Amino acid sequence: MKAIQSVKQPYLLLTPGPLSTSDAVKQAMLIDYCTWDEDYKKVTREVQQGILNVADLDEKYVAVLLQGSGSYGVESVISSVIPKEGKLLIAANGAYGKRMAEMADCYGIEHVDYLTKSTEIPKLEKIQVIIQENPDITHFAMVHCETTTGILNPIKTIVPWVADQEIVTIVDAMSSFGGIPIDFAATKIDFLISSANKCLQGVPGVTFVIADKDKLVATAGNARTLSLDLYDQYVVMSAQEGKWRFTSPTHVVHALHEALRELRVEGGVTARYERYRENQRLLSMGMHALGYLPVIDAKVQSPIITSFYYPNEDFDFNDFYLYLKHHGFVIYPGKLTELDTFRIGNIGEVYSEDIQKLLHTIAAYNQARVVL
Ligand SMILES: *Cc1c(COP(=O)(O)O)cnc(C)c1O
């Protein structure tokens with residue numbers, strides 16, 4: 001295929017996804033594909049395998065792909081993994097944890113919510129007490145990187161203990177998978193959900209669930225919807241060797257195929273983690289020097305996205321946002337109702353030079369607006 005000239009992008013996305021992707025990822029979407037043709041089914045199988053390789057997993061696990069944004073993947077797990085008589089414990093310290101509770105409500109699933117402040121991580125001791133008080137809890141769910149603030153939750157401290165109580169474990173690793181190493185076996189995760197458009201650096205439209213096959217097979221018949229039936233999606237995709245149950249987002253899947261190749265070329269998750277960590281380190285140091293303080297304690301700050309307080313009462317986020325956009329950067333508003341904050345992401349095709357340029361632009365903004 002003749003490569004088209006790359007399109008000049010209006011700005012760099014410093015957001016938690018969709019994020020700025022490479023030209024090759026975008027170019028992978030330029031062909032119209034047939035969904036039941038062997039060529040396409042092979043691409044689907046390679047994407048499934050590529051995801052398992054990212055997690056360093058063998059055939060005890062399977063990556064089931066689903067159409068939709070990340071929430072569709074989470075909802076697929078919540079609505080089709082937990083049986084009618086099941087009871088779910090959710091540890092939540094932000095909007096995405098709370099979204100799982102909303103989903104459970106939609107399906108009439110009994111749940112106990114362990115809520116902590118958005119600036120604090122959940123504690124194992126507290127979870128132990130809740131589980132001892134509620135011996136009928138069958139499932140547990142938590143978020144790894146809570147994108148609401150950028151806090152990194154301690155899955156490795158909490159999940160293995162919960163799994164040892166014969167409780168099925170669910171982790172929303174939407175904004176960490178591919179960007180932060182996760183030791184699957186040691187963490188004892190049964191179902192992990194992520195999507196194409198975050199640390200894997202693909203485009204939005206595909207979500208996926210990495211499942212322990214035995215645990216997944218045990219969920220047959222639990223689904224409360226047809227389209228989000230995780231088990232059936234798995235059965236059809238396996239039996240028909242890469243055929244999707246319903247129309248698949250062919251272009252998006254090809255973009256993800258290319259994005260997985262780029263992750264390998266970069267050196268895998270560890271190399272990407274190092275790049276993100278360096279981006280975040282430069283960002284938080286530089287912002288601190290410019291008078292913008294982080295919301296999350298450095299000890300539990302993720303290398304993905306950072307929340308900052310407004311520097312003073314006169315700070316006008318909209319003015320700041322438009323100034324940065326005009327200079328080539330798009331950032332994110334805060335998602336905390338109780339605090340005046342904004343967020344800057346550092347994942348995607350984003351390198352330390354970009355962070356340096358951003359910091360120069362913010363320094364110029366401070367000068368122009370005399371905000372500090
Ligand atoms: C992005 C994200 C989701 C999914 O959000 P969508 O808007 O549906 O893609 C879920 N959980 C976390 C932690 C996320 O960062």
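Of 13, 283, 322, the residue with the greatest mean-square motion in the GNM of the chain, using alpha carbon springs below 10 Å, is 322.
Largest GNM mean-square fluctuation across 55, 259, 220, computed for the chain with C-alpha springs under 10 Å, falls on 220. A DSSP coil position with no more than 15 other Cβ atoms inside 10 Å describes the following trypsin sites (Lys or Arg not before Pro) in segment 1-71: 2, 8, 60. Take every Cα pair under 8 Å whose residues are at least 6 apart in sequence, average their separation, divide by the length of the chain, and the relative contact order is 24 percent. For segment 135-292, the mean projected area of the C-alpha convex hull, equal to one quarter of the hull surface, is 11.8 nm².
Convex hull over the alpha-carbon atoms of segment 269-371: what's its volume per residue in Å³?
Dividing the Cα hull volume of segment 269-371 by its residue count gives 100 Å³.
The charge dipole of the chain, taken about its Cα centre with unit charges on the Cβ atoms of Lys, Arg (+1), Asp and Glu (-1) only, comes to about 620 debye.
Among the protein heavy atoms, those of residue 231 account for about 60 Å² of accessible surface (1.4 Å probe, every chain in place). For residue 329, the amide hydrogen comes within under 5 Å of the amide hydrogens of 12, counting only partners 5 or more places away or on other chains and with H modelled in the peptide plane.
How big is the shadow of the Cα convex hull of segment 47-182, averaged over all directions, in nm²?
Details: hull surface 32.8 nm².
Quarter of the Cα hull surface area: 8.2 nm².
Within the chain, the proportion of Cα pairs with more than 31 Å between them is 36 percent. Note that segment 230-320 shows a convex hull volume over its alpha carbon atoms of 199 Å³ per residue.
Solvent-accessible surface of segment 23-264, averaged per residue with a 1.4 angstrom probe and all protein chains in place: 39 square angstrom. The fraction of accessible area contributed by carbon and sulfur in the chain is 52 percent, rounded to a whole number (1.4 Å probe; ligands and nucleic acids excluded).
With the charge dipole of the chain set up from +1 on Lys and Arg Cβ and -1 on Asp and Glu Cβ about the Cα centre, the Cα lying farthest toward the positive end among the listed residues 309, 370, 139 is that of 370.
Based on DSSP, what percent of beta bridges with both residues in the chain are antiparallel, to the nearest 5?
Around 55 percent of the beta bridges assigned by DSSP in the chain are antiparallel ones.
Across all directions, the shadow cast by the convex hull of segment 1-122 built on its C-alpha atoms averages 11.8 square nanometres. With the charge dipole of the chain set up from +1 on Lys and Arg Cβ and -1 on Asp and Glu Cβ about the Cα centre, the Cα lying farthest toward the positive end among the listed residues 121, 351, 205 is that of 351.
Using just the helices of the chain, give the 222 nm mean residue ellipticity in deg cm²/dmol: DSSP H runs with n ≥ 4 each add -39,500 (n - 2.57), and the total is spread over all residues, rounded to 500. List each step's numbers first, then the result.
Details: 13 runs with 151 residues, N = 372.
So the helix-based figure for the chain works out to -12500 deg cm²/dmol.
Hey, got a sec? Which chymotrypsin sites (Phe, Trp or Tyr not before Pro) in segment 243-281 land in a DSSP loop and have at most 15 other Cβ atoms within 10 Å? Mind showing how you got there, number by number?
Values: sites: 244, 246, 273, 276; in loops: 244, 246.
Passing sites in segment 243-281 are 246.
Bridging of residue 198 to lysines at a Cα separation below 19 Å is possible for 26, 335, once same-chain residues fewer than 8 apart are set aside.
For the pair segment 212-287 / segment 50-96, the C-alpha centres are spaced 10 Å from each other. Of the residues 86, 97, 179, the one that moves most in a GNM of the chain with alpha-carbon contacts below 10 Å is 86. Couplings 3J(HN,Hα) for segment 352-359, derived from phi with the Karplus relation 6.51 cos²θ - 1.76 cosθ + 1.60 (θ = phi - 60°), are 4, 4, 5, 5, 4, 4, 4, 5 Hz, where x marks Gly and Pro. Ligands, DNA and RNA are left out, and with a 1.4 angstrom probe the accessible area of segment 269-371 is 48 Å² per residue.
The values are calculated or read from the model by the stated rules, or taken from the named source; none is laboratory data. No experiment lies behind these values; they were computed from the predicted model shown. Neighbour counts run over all protein chains shown; Cβ positions are idealised from the backbone, glycine included. Note: accessible area is taken over every heavy atom of the protein model, side chains too, but ligands, DNA and RNA are not part of it. Shrake-Rupley method; radii C 1.70, N 1.55, O 1.52, S 1.80 Å.
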